[in-house]
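A short write-up of the structure that comes next.
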Amino acid sequence: MKLLTSLMGLASLASLAAAQIHGFDISGWQPTTDFARAYANGDRFVYIKATEGTTFRSSAFSRQYTGATQNGFIRGAYHFAHPHVSTGAAQATFFAQNGGGWSRDGITLPGVLDIEYNPNGATCYGLSHAAMINWIEDFVATYQRLTSRWPVIYTTTDWWTQCTGNSNRFANRCPLWVARYASSVGTLPNGWGFYTFWQYNDRYPQGGDSNWFNGDASRLRALALG
């Protein structure tokens, strides 16, 4: 039964390849990614960590972003949120000024708000549902004002339910990047009828995480173009 379940899972993931685009995401923990090899293996997009809060800039970001660009990737940046230390507006501004900007060049994806489990304390950073929703709104609105694009929201359904009360407030503006390490994407956060990106495991061959884009190459380029 375990073997059958495993084979079914592999088949469902493999079936995505015909209609979706594979990519990955990395941070400073992967300073030596071989982008040429990744492209040759079929990956076409990458998200790279740029910032956290209002003080942390990844020292690897510029080198990684340049490497991705030189090897033909559609690429973008992400920001790890710390909603308990400063406003959403302050963090969106910091992100936009330190790698998270956007331009209509056809190869730059909108920036990502990575909002998820607190690695150093209370799961929801000590914020109520209403306070968390307001913080996210502050970030989202500021980023859109600065860049003209709504940011992608990266999260898990579990965290979103726990920490926003499963709000549907952002689904009509922000593309969803959902994390679920399984053979199917599962239930999505409230309001999103589909995902734009799915992070399906944390075992990308060169380090980092593996992802699908929910569309073909033309749709990925359309997302980059805005």
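The values are calculated or read from the model by the stated rules, or taken from the named source; none is laboratory data. Quick caveat: nothing in here was measured; it's all calculated off a predicted structure. Cβ coordinates were reconstructed from backbone atoms using ideal geometry, including for glycine residues, and neighbour counts include every protein chain displayed.
Kindly establish whether TYR39 is of a type in the set (Ser, Thr, Tyr), more than 14 Å from the chain's Cα centre (by Cα) and either closer than 30 Å to ASN134 by Cα or at pLDDT 95 or above (or both).
Spelling it out, TYR39 is indeed of a type in the set (Ser, Thr, Tyr), more than 14 Å from the chain's Cα centre (by Cα) and either closer than 30 Å to ASN134 by Cα or at pLDDT 95 or above (or both).
Kindly indicate which of ALA92, ALA77 is free of Cβ contacts under 8 Å to residues at least 60 places away in the same chain, crowded, with 17+ Cβ neighbours inside 10 Å and in contact with a Gly (Cβ under 6 Å, 6 or more places away or on another chain).
Of the residues listed, the single one that is free of Cβ contacts under 8 Å to residues at least 60 places away in the same chain, crowded, with 17+ Cβ neighbours inside 10 Å and in contact with a Gly (Cβ under 6 Å, 6 or more places away or on another chain) is ALA77.
Looking at region 95-112 only, could you name the residues that are closer than 11 Å to ARG149 by Cβ, of a type in the set (Gly, Ala, Ser) and buried (at least 16 other Cβ atoms within 10 Å of the Cβ)?
If the condition is that a residue be closer than 11 Å to ARG149 by Cβ, of a type in the set (Gly, Ala, Ser) and buried (at least 16 other Cβ atoms within 10 Å of the Cβ), then ALA96, GLY100, GLY101, GLY111 are the ones that fit.
Determine whether THR66 is over 30 Å from TRP135 (Cα atoms) and modelled with pLDDT under 95.
no
Hey, can you tell me all the residues within region 54-89 that are aromatic (Phe, Trp, Tyr) and farther than 24 Å from ALA38 by Cβ?
Across region 54-89, the qualifying residue is only PHE56.
Report whether or not THR108 is in contact with a helix residue (DSSP H, G or I) (Cβ under 7 Å, 6 or more places away or on another chain) and over 21 Å from GLY28 (Cβ atoms).
It is false that THR108 is in contact with a helix residue (DSSP H, G or I) (Cβ under 7 Å, 6 or more places away or on another chain) and over 21 Å from GLY28 (Cβ atoms).
Residues that are buried (at least 19 other Cβ atoms within 10 Å of the Cβ) and without any contact (Cβ under 8 Å) to a residue 60 or more places away in the chain: find the helices (runs of 4 or more DSSP H) completely inside region 114-226 holding 2 or more of those.
129-147, 157-164
Can you confirm whether ASP209 is in contact with a strand residue (DSSP E or B) (Cβ under 6 Å, 6 or more places away or on another chain), under 25 Å from PHE24 (Cα atoms) and of a type in the set (Asp, Glu)?
Answer is yes for this residue.
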